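**Student:** First the structure, which I've put down as structure tokens, then a few questions once you've had a look.
Bear in mind that the values in this text are calculations on the coordinates, not laboratory data. All of these numbers come straight from a predicted model, not from anything done at the bench. Backbone-built Cβ (ideal geometry, glycine too); neighbour counts: all protein chains shown.
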């Protein structure tokens, strides 16, 4: 999922450089949403690992 967020970030940067503001805004929004989802899932996974008694890596 982090790969998708980075992909949409790159698409947004390229579209912004070329002047496609609508596409850049949409791709940027998608990248931000995917990045937040990735962070939430990462935190949940770390909490689940800690609850099971395994130390964080």
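**Student:** Per-residue ellipticity at 222 nm for the chain, helices alone: DSSP H runs ≥ 4 residues times -39500 (n - 2.57), over residue total, nearest 500 deg cm²/dmol? Could you put the intermediate results ahead of the total?
**Tutor:** Values: 2 runs with 48 residues, N = 57.
Only helices count here, giving -29500 deg cm²/dmol.
**Student:** Follow-up. Quick one: helix 21-51 against the long Cα principal axis of the chain, what's the angle to the nearest 10°, folded into 0 to 90?
**Tutor:** It works out to around 0 degrees.
**Student:** Please report, to one decimal in angstroms, the Kirkwood hydrodynamic radius of the chain built from all distinct Cα-Cα pairs. Write down the numbers at each step before the final one.
**Tutor:** Values: mean 1/r = 0.0797 Å⁻¹.
Over the chain, the inverse of the mean reciprocal pair distance is 12.5 Å.
**Student:** Okay, next question. Counting other beta carbons within 10 Å of each Cβ, put 35, 8 in order, fewest first. Walk me through the numbers before you get to the answer.
**Tutor:** Numbers: 35 17, 8 20.
The most exposed by this proxy come first: 35, 8.
**Student:** Can you tell me the relative contact order of region 1-42? Whole percent, Cα pairs under 8 Å, sequence separation 6 or more. All intermediate terms of the calculation are to be shown ahead of the outcome.
**Tutor:** Details: 38 pairs, mean separation 20.7, N = 42.
The value is 49 percent.
**Student:** To continue, here is another question. Starting with the highest mean, order 11-19, 24-32, 44-52 by the number of other Cβ atoms within 10 Å, averaged over the residues of each peptide. Before the final figure, lay out each step's value.
**Tutor:** Values: 11-19: 14.0, 24-32: 16.3, 44-52: 10.2.
Answer by packing, highest mean first, reads 24-32, 11-19, 44-52.
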